[in-house]
1. With an 8 Å cut-off on Cα pairs and a minimum separation of 6 or more residues, tell me the relative contact order of the chain in percent.
2. What is the mean projected area of the alpha carbon convex hull for the range 77-123, to one decimal in square nanometres?
3. Please report the orientation-averaged projected area of the range 41-135, defined via the convex hull of its C-alpha atoms, in nm².
4. What value, in deg cm²/dmol to 500, does the helix sum -39500 (n - 2.57) over DSSP H runs of n ≥ 4 give at 222 nm once divided by the residues of the chain?
5. Rolling a 1.4 Å sphere over the protein heavy atoms, what is the accessible area per residue of the range 1-59, to the nearest Å²?
6. For the chain, set up a GNM with springs between Cα atoms under 10 Å and report which of Leu63, Leu114, Leu50 has the largest fluctuation.
7. Evaluate the range 41-93: find the radius of gyration of its Cα atoms, find its Kirkwood radius, and give the ratio Rg to Rh.
8. Which order do the peptides 36-46, 116-126 come out in when sorted by mean C-beta neighbours inside 10 angstrom, highest first?
Amino acid sequence: MACLRIPIATCRSLESTMANFWWGINDNNRPKTHWQSWKKLCRPKKDGGLGFRSLVHFNQAMLAKQAWRILKQSNSTVSRILSARYYPQSSFLSSSTGHSPSFVWRSICWGKELLRKGLISEIGNGQNTCTTTDH
């Protein structure tokens, strides 16, 4: 989950298996009735849920963590390899998926979408700040 995007259908299947574990099965090998939806159970405990994690969201968060490492540790081997292949003329945040990307790069780009939503810029002296595009 930390390096590759897991298909949504696989995540849903795993969540279904987790739900069946918690509620068990009847005598005739059929799942018991689920009294709350999985979405409600994934809410935090303070909001009335049980705190289960949505695997799709957790997968994207783990990939955003990898994107953060690439952004912050630009001299690491992985960052330099990806930079040379996918964004040699631009920055990591402004890079696109590109032509014929690997599955790893597509996965990291999916995590980068989440990372972009949470990033903000420091104003500093104002020289590198664009008031129309920077958060």
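1. On the way: 128 pairs, mean separation 34.0, N = 135.
That works out to 25 percent.
2. 3.9
3. On the way: hull surface 34.5 nm².
It is 8.6 nm².
4. Numbers: 5 runs with 64 residues, N = 135.
Theoretical 222 nm ellipticity from helices: -15000 deg cm²/dmol.
5. Working: 4610 Å² over 59 residues.
That works out to 78 Å² per residue.
6. Leu50
7. Working: Rg = 16.4 Å, Rh = 13.1 Å.
Ratio of gyration radius to Kirkwood radius for the range 41-93: 1.25.
8. On the way: 36-46: 12.3, 116-126: 8.8.
Per-residue mean Cβ counts within 10 Å order the peptides as 36-46, 116-126.
The values are calculated or read from the model by the stated rules, or taken from the named source; none is laboratory data. Keep in mind that this is a model prediction, so the values were computed, not measured. Please note: Cβ atoms are built from the backbone with ideal geometry, for glycine as well, and neighbour counts cover all protein chains shown. Protein only, heavy atoms only, side chains kept; ligands, DNA and RNA dropped before computing areas. Shrake-Rupley method; radii C 1.70, N 1.55, O 1.52, S 1.80 Å.
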